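The values are calculated or read from the model by the stated rules, or taken from the named source; none is laboratory data. Bear in mind the structure is a predicted one, so any value in this text is a computation, not a measurement. Here Cβ is always computed from backbone atoms with ideal geometry, including for glycine, and neighbour counts include all displayed protein chains. Accessible surface areas use protein heavy atoms only, side chains included; no ligands, DNA or RNA. Shrake-Rupley method; radii C 1.70, N 1.55, O 1.52, S 1.80 Å.
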Amino acid sequence: MTIRAVVFDFGGVLFDWNPDYLYRKLISDDVERAWFLQHVCNGEWNLQQDGGRSIVDATASKIKEFPEHAELIRAFYERWPESLKGTLVEGIKLMEDLEYAQVPLYGLTNWSAETFPYAWDNYPFLRRFRDIVVSGRLGLIKPDAAIYHEMFRRIARDLPDLQPQELVFIDDNQANARAASALGWHGIHHTSAAATEAALRTLGVAF
């Protein structure tokens with residue numbers, strides 16, 4: 001069956017985001033910094049903001065838990081843009097190659113509703129996606145099936161009679177790619193642009 005659209009995750013595929021970029025400036029000791037990012041401002045905590053929790057509430061609750069690190073905790077979002085190094089060149093090229101071949105492109109990202117506007121304002125290429133589902137705006141996060149259903153619903157408005165097997169989803173998180181596959185999409189675990197390109201061509205995507 002023909003692939004009718006490709007859906008991109010953003011972080012780790014198109015964007016180079018890592019809190020370590022900021023905290024290298026704030027915590028010089030590698031061991032101390034690793035501990036902080038593992039136990040204080042860690043991925044699990046950040047994911048709750050991607051799921052819709054406000055930055056104000058997230059910051060306050062974490063400071064209550066670790067009051068001795070209050071300033072470092074506040075920095076996570078006060079200086080959040082310093083965690084976003086920019087785009088990943090090979091990922092952007094893959095996206096642009098698909099765009100040039102007129103493959104409809106969509107975005108499905110775990111991202112805080114409060115920080116996504118920074119990316120939208122500073123990275124104009126995002127406007128080239130037909131639609132973007134931002135987890136923080138819905139209060140849903142991957143790999144919850146509900147967020148994939150919302151993405152499918154939006155794509156189906158553009159592509160009548162859409163079938164799940166006509167979609168490809170690219171994500172650097174294997175669990176998220178598997179969740180798409182479980183719904184009948186073609187989930188690609190993104191480990192490199194070259195590997196993803198090869199997987200797309202195997203699925204018959206011509207670009």
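Heavy atoms of the protein chains alone define the surface here; on that basis region 72-207 has 48 Å² accessible area per residue at 1.4 Å probe size. In the chain, the DSSP beta bridges split such that about 15 percent are antiparallel, to the nearest 5. For the chain, the carbon plus sulfur part of the accessible surface works out to 50%, probe radius 1.4 Å. Here Cα Rg over 2.2 N^0.38 Å was computed from the coordinates, and among [x] 1.12; [y] 1.07; [z] 0.96 the match is [y]. Helical content alone sets the calculated 222 nm signal of the chain at -14000 deg cm²/dmol, taking -39,500 (n - 2.57) per DSSP H segment of four or more residues and averaging over every residue. Charge dipole of the chain (Cα centre as origin; +1 on each Lys and Arg Cβ, -1 on each Asp and Glu Cβ, all else neutral): 420 debye, rounded to the nearest 20. By the rule of a C-alpha distance below 18 Å, with chain neighbours fewer than 8 residues away ignored, the lysines paired with residue 93 are 85.
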